[in-house]
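Coordinate-derived values only; no laboratory data. Please read all numbers here as calculations on a predicted model, not as lab measurements. Glycine also receives a Cβ, built like all others from the backbone with ideal geometry; neighbour counts cover every protein chain displayed.
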Amino acid sequence: MTDLQSLEQHPPSPSPKRPLVVMSNVSKSFSSGTLALSDMSLTVESGEFVSLLGPSGCGKSTALRIISGLGDVTSGTIDWPASRINAKGLPEGDISFVFQEPTLMPWQTVFGNVYLPLRLRGISKTAARQDIMACLETVGLKDFADAYPRELSGGMKMRVSIARALVTKPKLLLMDEPFAALDEITRQKLNDDVLRLWRETGITVIFVTHSVFESAYLSNRIVVMKARPGRVHADFPLATSLERGPLYRTSEEYRATCEKVSQSLLEAIGFPLADGLEMH
Amino acid sequence: MSPEQSLVARHRETMLRILIPISVVIALILLWQVLVTATGVPQYILPGPGAVAGALVKDWGTLSPALWVTTKITMAALGLALIGGVGIAIFLVQSKWIETAFYPIAVILQVTPIVAIAPLILIYAPTTQVALLICAFLVAFFPILSNMVQGLKSVDHNLLNLFDLYGASRFQTLLYLKLPASLPYFMTGLKIGGGLSLIAAVVAEFAAGSAGAGSGLAFRLLEAQYRLNIPRLFAALILLSVLGVVIFGITSFIAWLSLHRWHESSLRREN
């Protein structure tokens, strides 16, 4: 954590007093005895775009699941200083999750799939229609409301999944390698869409990925994780004066960021050539 | 290919799909008639299709009430099996322990040959018809139960996580996720159960040996055999086949209706 740069001032984060989520000394071991996370601490402020980057098995998905409430911690705590907490200790309704697979119900139309979170809250279809159509418009699928998932391409299914995550107007969007299974062109397109969403809505995003380029392009903070057991290796705030877009992808700044993050990732893996790479 | 041409081509394929099996059946019936005429087999051993058709018309007064009885028992048994199978499946998957405790009982009921239980059921049931109904139910019930249990347990884990994440209640998860997700399994159970309930209704009537006005097609079939009225036996047999085909058609149509929009089993491959 040597090269700290000034934190990017990104609209519309109003520099909140209280962080959104605080993980303190969280450890997680599975019943098989594997220690997935060891003493991990992470504080995420409102409006941040944080990438969790690391090799497979470093516990980044586990960390995300624990934050979402899908898994329990073995020790340590998770706090939500800025939210109202329900009986399960979760700020229910404030969190949405986008899985690696689109995870759509094949028997429901696009509309029905996006309606699900609201339906589970007992909101009628008529009352929900406007919000659902707005979310579908955001992801560019307004004309596909009546289509079934099987009629859509992989990228479009992922967009439906994102629309479903947005329909509850969450404060925090958790994304678990959402574009890992997509082709490079679709992936770049969806990266731009997620960036635009983040800019427009001011939502906080925690994005799990194993791609250096993806994390460097998207985030304003990258947390590099180390495996066996999973823990934080490095924490980079990323600043850029450039608008993130095609121009940024070819900029010297982006290249430098990728190099710096790659270097840190290699250290995290304990790759023996890490020193050699520095000479370039 | 222009749109009109492809439409014509598709219609042609549909027509052929219907015409080819019908022609094969007609050809077989003709062959049957030719063989019977050529060999001169006596009617009490193998009647020709003409004689069978004649018996169907002449004995319609005896056969149609029997057909109605068998239809009623089959449908009632299938209906009860659907309610029971789905209901008990939902009950069984509520917890691992409930399933451990009760599933073996369902298996025991299933593997015991129905003909062997029939005499016992006859003793306990108030009327023969109720006994037949119970027998047909027991046979049709199991495939529906086991398919439903399989379906309810095969729900995509990510979708279950998603429902958990949004704080869905047990009932909501059942209604919006588990039941729709197990629809393809239910339809398999329905198709198998539909066929089995007719078979069971006939086998049980053989075992029960019912008689009189309330008897079904199976009894009429046995009666015709005792009287060496083979054309009538064939006529009863044909009615049973037709009933079986109709049940198969209805259950397949229901399966198609509920699955064709989304499930792979009802979709044409697009390549």
Residue-ordered couplings for the stretch A:197-204, obtained by feeding phi - 60° into the Karplus form 6.51 cos²θ - 1.76 cosθ + 1.60 and rounding to whole Hz (Gly and Pro as x), are 4, 4, 5, 6, 9, x, 6, 8
Cβ density ranking, 10 Å radius, fewest first, applied to A:43, B:251 yields A:43, B:251
Rg from C-alpha atoms of chain A, normalised by the globular rule of thumb 2.2 N^0.38 Å, equals 1.01
Between residue B:254 and residue B:171, the two model label points (7 Å from Cα along the beta-carbon direction) sit apart by a distance in nm of 2.6
Listed residues A:102, A:81, A:178; largest mean-square fluctuation, Gaussian network over chain A with Cα springs below 10 Å, found at A:81
If the label point sits 7 Å along Cα→Cβ of residue B:238, residues of the stretch B:49-70 with amide N under 14 Å come out as B:49-61, B:63-64
Quick note on A:97, B:219, ordering by fewest other C-beta atoms within 10 Å, gives B:219, A:97
Checked against a 32 Å limit on the C-alpha separation, the offending pairs among A:125/A:171; A:60/A:157; A:88/A:226; A:157/B:178; A:169/A:260; A:226/B:178 are A:169/A:260; A:226/B:178
GNM of chain B, Cα pairs under 10 angstrom: of B:12, B:261, B:232, the biggest fluctuation goes to B:12
Here P(r) for the stretch B:1-109, Cα-Cα distances in 5 Å bins, as whole percents, is 2, 9, 8, 8, 8, 9, 9, 9, 11, 11, 9, 5, 1, 0
When all Cα-Cα pair distances of the stretch A:103-169 are considered, the percent exceeding 16 Å is 34
Percent relative contact order for chain A, counting Cα pairs under 8 Å at least six residues apart, stands at 27
At the level of C-alpha centres, the distance separating the stretch B:37-97 and the stretch B:188-256, in angstrom, is 2
For chain B, longest principal axis from Cα atoms; helix B:217-226 axis from its Cα atoms; angle between them, nearest 10 degrees, is 30
When A:144, B:163 are arranged by how many other beta-carbons sit within 10 Å of their Cβ, fewest first, they go A:144, B:163
For the stretch B:128-133, Karplus-derived ³J(HN,Hα) couplings (6.51, -1.76, 1.60; θ = phi - 60°; whole Hz; x for glycine and proline) come out as 4, 4, 5, 4, 4, 4
With x for Gly and Pro, the residue-by-residue ³J(HN,Hα) of the stretch A:123-133, computed from phi through the Karplus equation 6.51 cos²θ - 1.76 cosθ + 1.60 at θ = phi - 60° and given in whole Hz, is 8, 6, 4, 5, 5, 8, 3, 4, 4, 5, 5
In nm, the gap between the two label points placed 7 Å beyond Cα toward Cβ at residue A:88 and residue B:97 is 2.3
Per the 1/(1 + (r/R0)^6) rule, R0 = 41 Å and r from the Cβ atoms of residue B:227 and residue B:261, FRET efficiency to 0.05 is 0.20
As a Kirkwood estimate from alpha-carbon pairs, the protein assembly as shown has a hydrodynamic radius in angstrom of 28.8
Taking only the alpha-carbon atoms of the stretch B:45-266, the convex hull volume per residue, in cubic angstrom, is 142
Here the convex hull volume per residue of the stretch A:137-280, taken over Cα atoms and given in Å³, is 140
Long-range amide H partners of residue A:37, meaning residues 5 or more apart or on another chain whose placed amide H is closer than 5 Å, are A:28, A:230
If one builds a Gaussian network model of chain A from Cα atoms under 10 Å apart, the most fluctuating residue listed among A:231, A:221, A:199 is A:199
For the pair residue A:247 and residue A:41, the simple spin-label estimate (label points 7 Å beyond Cα toward Cβ) gives in nm 4.1
Taking Cα atoms only, helix A:252-269 is inclined relative to the longest principal axis of chain A by an angle, in degrees rounded to 10, of 80
